[in-house]
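Heads up, the thing below is written out as structure tokens.
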Amino acid sequence: MLISTGKSSMQLLHVFLLAVLPYLNIALSPSGFGDAEIIRCIERERQALLKFKEAFIDYEGRLSSWGSTKDCCKWEGVHCSNHNTTSHVTMLDLPATDDDFPYGRLTGKISPSLLELHHLRKPHPKIIGSLRRLRYLNLANCGFSGPIPHQFSNLSNLRYLDLRYNFMLSSENLEWLSHLSLLSHLDLSMVSLSKATGWVQSVSNLPLLKELHLYQCFPPNIIHSSSFHSNSSLSLSFVDLSFNDLSSSIYNWLFNFSSSLAYLDLGYNELKGSIPDAFGDLISLTNLSLRGNQLEGGLPKSFANSSHLQSLDLLGNDLTEELHEFLQKLSGAKNSLESLVLDDNRLKGPLPDFTRFSFLRRLRLDNNRLSGSFPKKIGNLPSLVYLVLSRNQITGSFPNLLVFPSLERLFLEYNQLNGTIDRSIGQVHKLEVLSCAFNLLKGTISEAHFSNLSSLWYLDFSYNALTFNASSDWVPPFQIDIIKLSSCKLGPRFPKSLRTKNNFSQLDISSNGITGNIPSWLWDQSPRLNYLNLSHNQINGLLPDLYLRFQVPPRISSEAHSLSYAQLLESSSTILTSQITNYRESFHIVCPNSNNYPSLVWHTNNLYGEIPVSIGLLSEVQVLNLRNNNLSGEVPAWLGTHLPKLVVLILRSNEFNRSIPQQLCDLNRIQVLDLSQNHLSGNIPPCFSKFTSLVESDGSDYGGIYVNKSDIYVGGGSDLDINVGGTYVANAFVQWKVQWKGQDHEYGKNLGLLKIIDLSSNILSGNIPVQIGSLAGLHSLNLSRNILTGKIIQEIGQMKMLESLDLSANKFSGEIPRSLAHLNFLSVLNLSSNNLSGEIPLSTQLQSFNASAYSGNHNLCGLPLPNKCLGDTPITPQPKEDEDRSITQGFYISMGLGFFFGFWGVFGTILCNSQSRHAFFMFLNHITDWIYVTITLNWARLQRRL
């Protein structure tokens with residue numbers, strides 16, 4: 001009994017100690033409570049994690065907490081089993097924090113030490129072959145590289161696999177997928193599957209797969225139509241195959257899932273022809289995107305069966321159907337359709353009645369061919385939030401917006417709406433974005449129009465005949481962010497209502513008839529101000545010492561249609577006077593992405609003094625335009641070292657003196673260099689040959705400069721590029737009256753990529769450096785009105801893209817180089833007022849110019865000048881041959897057959913081979929020149945003989 005009782009007592013004591021010991025530990029701690037650390041982490045697993053950390057490059061200190069305490073269960077991203085004492089590491093969750101970072105935030109090698117974490121259920125590394133219990137694996141955006149390890153085939157219990165956005169990861173063989181028979185979610189988006197031609201068969205062997213994400217996995221010409229012929233027992237419900245250059249043969253495989261497929265994205269592929277009828281058989285379909293393909297015609301009638309369709313996106317195709325017929329075929333989705341995106345097609349006809357689609361929230365019809373007036377019965381759409389009808393031919397009066405009580409964003413720009421805007425617009429109280437630019441609207445906008453628009457943050461009424469009338473003490477009910485009122489009527493006084501709204505980021509009140517001084521409070525606006533356009537008014541006053549920091553307004557997203565992301569300060573044609581010195585960090589421009597072009601534009605003002613060194617802090621600036629001011633001193637050498645990304649540098653029409661600094665040669669991205677109409681002296685730097693973008697002839701590396709209507713725009717291949725008035729405009733633009741081809745021109749179309757050097761109207765001396773000839777991509781070279789001497793360099797013939805050359809009013813001597821005749825694109829030439837001598841080289845190009853191009857060179861002779869060259873010999877007449885009487889009918893037949901086979905033998909080769917085609921036309925050009933020269937010489941000699 002005692003033994004038994006003693007045993008029971010010991011058991012009770014053991015239970016008591018287990019229950020009380022943790023509290024005793026706290027009580028006996030040095031401070032008496034709470035300081036003793038309970039360590040749950042197993043030392044073996046702690047060491048494994050530390051070795052894992054050592055093998056990584058941690059850009060943001062994501063693993064900084066690892067090792068800060070002995071308990072690894074408290075480290076960031078480490079999860080342990082839920083026990084009070086010792087616990088195993090069960091999960092590592094370390095996703096990247098910034099999707100814009102190209103390779104994730106953790107890069108490096110994966111340590112084999114993680115094999116010590118036997119209880120891991122959700123690991124982050126890719127060496128996981130021994131973790132056979134693994135069910136969930138998310139390695140998205142981690143920066144892994146190399147091939148996907150074949151050990152993945154050991155994860156037989158895996159249900160979820162996400163490897164997306166590991167751009168350097170690849171797989172040439174997806175056979176390992178076939179072993180993951182329990183997989184229901186697979187995401188390999190942006191993983192290179194360039195050689196994985198059997199991916200369809202591998203995917204088809206996953207019987208439980210529901211979601212398949214293969215966004216941008218396959219390069220062009222890799223996927224063949226034969227790959228898609230595969231029967232499958234899958235029940236896929238979600239498929240994303242966008243950005244893969246897929247052909248229409250993908251349909252053969254996808255239409256196997258007619259009863260299960262709910263989400264399908266085939267955007268930005270190579271789908272052509274009509275939309276297949278079989279889409280109507282996908283009875284479970286809720287979301288369909290076919291945007292960015294080459295589909296044509298209209299919507300199949302079978303879509304009437306799509307009773308569950310919620311979103312249809314056909315943006316950027318070639319659909320030509322009448323809009324009302326298109327909508328008629330969607331009648332089956334009248335109780336489900338929420339989003340309809342049909343931008344950038346050729347849909348036509350008037351706007352129909354949308355009443356049947358009462359659940360519609362998003363309707364986009366931008367850039368189609370819709371016409372007619374806004375219908376009075378467009379339908380009551382209580383759920384509509386987003387409406388885009390811009391860039392059509394819609395006429396008539398401004399629509400009644402009361403039928404859209406939930407409307408938040410409205411885009412009507414680039415139509416032909418006329419008449420006035422009714423005050424009822426002020427009752428659409430949820431309205432946030434209102435853009436009606438480039439219409440024919442007129443009348444007065446008063447306070448009543450904005451009475452209840454407390455949510456409005458984007459307003460664009462530009463290029464309408466609207467007059468704004470508000471009392472001086474009016475306080476708008478909204479916190480506006482972007483205001484664009486160009487070419488409206490705000491004046492004559494600066495609108496005081498802007499003073500109460502000091503948090504806007506963009507303000508354009510150009511051409512508004514405003515006169516008088518700039519109010520001092522304008523310069524006290526929020527640091528968020530990054531676009532200011534006061535041009536084409538009669539404003540005067542001092543430009544203050546501004547301390548602005550340019551940032552992208554956080555409320556603008558890429559979805560906001562036609563919103564400009566330009567970062568530009570423009571005060572052109574506004575009378576501002578200031579000595580721009582001591583700016584320190586006045587203009588700190590932050591470029592939010594690689595498609596924007598930060599610019600500093602202060603042309604046509606009264607700015608004087610030297611360019612302050614503080615502008616050198618703007619290292620992201622790509623456009624600097626200070627032309628037509630009174631700036632003086634030397635051209636700063638630091639422009640070449642502190643502003644390495646400059647694409648456009650315009651300092652013309654100022655008072656700069658001394659020589660051109662050698663440091664400008666470091667601007668290897670420069671495409672427009674205009675230092676004309678100053679007092680620059682010395683030689684032209686030979687190091688101009690370092691302008692890489694001018695040496696190259698395609699201009700593809702640096703975005704390019706586009707010319708239209710005498711303006712220059714910085715261009716690029718950005719998705720954010722927008723059209724303004726039918727003119728291609730990129731994210732940031734620089735208005736510039738172009739001295740192109742000798743004079744100001746009006747162009748009806750874009751000239752493509754323009755590259756210019758203009759050093760005219762200075763006092764430059766010396767020879768033209770032979771290194772200038774290496775600028776093979778240059779389009780225009782203007783060295784006129786200097787005191788340059790020596791000969792025109794033979795190397796000028798290497799500048800194959802040259803279209804305009806002006807060397808007039810210098811002191812060049814010697815003969816015109818014959819290589820000048822090889823410039824096939826030359827359309828403007830001026831060599832007048834020099835000391836050139838000898839005969840003008842004969843060619844189709846050089847004789848096509850007016851005699852004024854060579855005038856003022858008294859020792860120059862030859863066409864097109866009237867003075868002839870000495871030493872021409874008379875033409876010896878050739879004896880006339882007797883008629884060949886041996887020509888028979890067989891001769892003509894043989895000649896016809898010979899011509900047929902000879903012509904197509906040569907011409908067919910030219911059509912099929914670009915190199916042959918180029919060689920042929922160069923040969924043809926030389927033959928034409930030779931014929932022209934021969935005829936010209938013989939004709940001249942014949943005239944002298946007669």
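Annotations
- The value of relative contact order for the stretch 328-405, using C-alpha pairs under 8 Å at least six residues apart, is 29 percent.
- The stretch 142-198 and the stretch 756-772: distance between their alpha carbon centers, rounded to Å: 59
- Per residue, the stretch 790-874 exposes 44 Å² of solvent-accessible protein surface, assessed with a 1.4 angstrom probe and all protein chains in place.
- In this structure the stretch 255-360 gives 37 Å² per residue of accessible area when probed at 1.4 Å with all protein chains present.
- Distant-in-sequence amide H partners of residue 295 (H built 1.01 Å from N, under 5 Å): 318
- Kirkwood-based Rg to Rh ratio, the stretch 770-810, C-alpha trace: 0.95
- Shape call, the stretch 334-427: gyration tensor on alpha carbons, a/c limit 1.5: oblate
- Of the solvent-accessible surface of the stretch 149-203, computed with a 1.4 Å probe and all protein chains present, 48% belongs to carbon and sulfur.
- From the alpha carbon centroid of the stretch 637-677 to that of the stretch 380-412 is 48 Å.
- Taking a sphere under 11 Å around the Cβ of residue 633 and counting the other residues whose Cβ falls inside, with K and R at +1 and D and E at -1, yields a net charge of -2.
- Summed over the residues of the stretch 154-209 and divided among them, the accessible surface reaches 37 Å² per residue at a probe radius of 1.4 Å.
The values are calculated or read from the model by the stated rules, or taken from the named source; none is laboratory data. Note that the structure is a prediction, hence the values are computed from the model and not measured. Cβ atoms come from the backbone with ideal geometry, glycine included; neighbour counts cover every protein chain shown. Just so you know, the surface numbers come from the protein's heavy atoms only, side chains and all, with ligands and any DNA or RNA stripped out. Shrake-Rupley method; radii C 1.70, N 1.55, O 1.52, S 1.80 Å.
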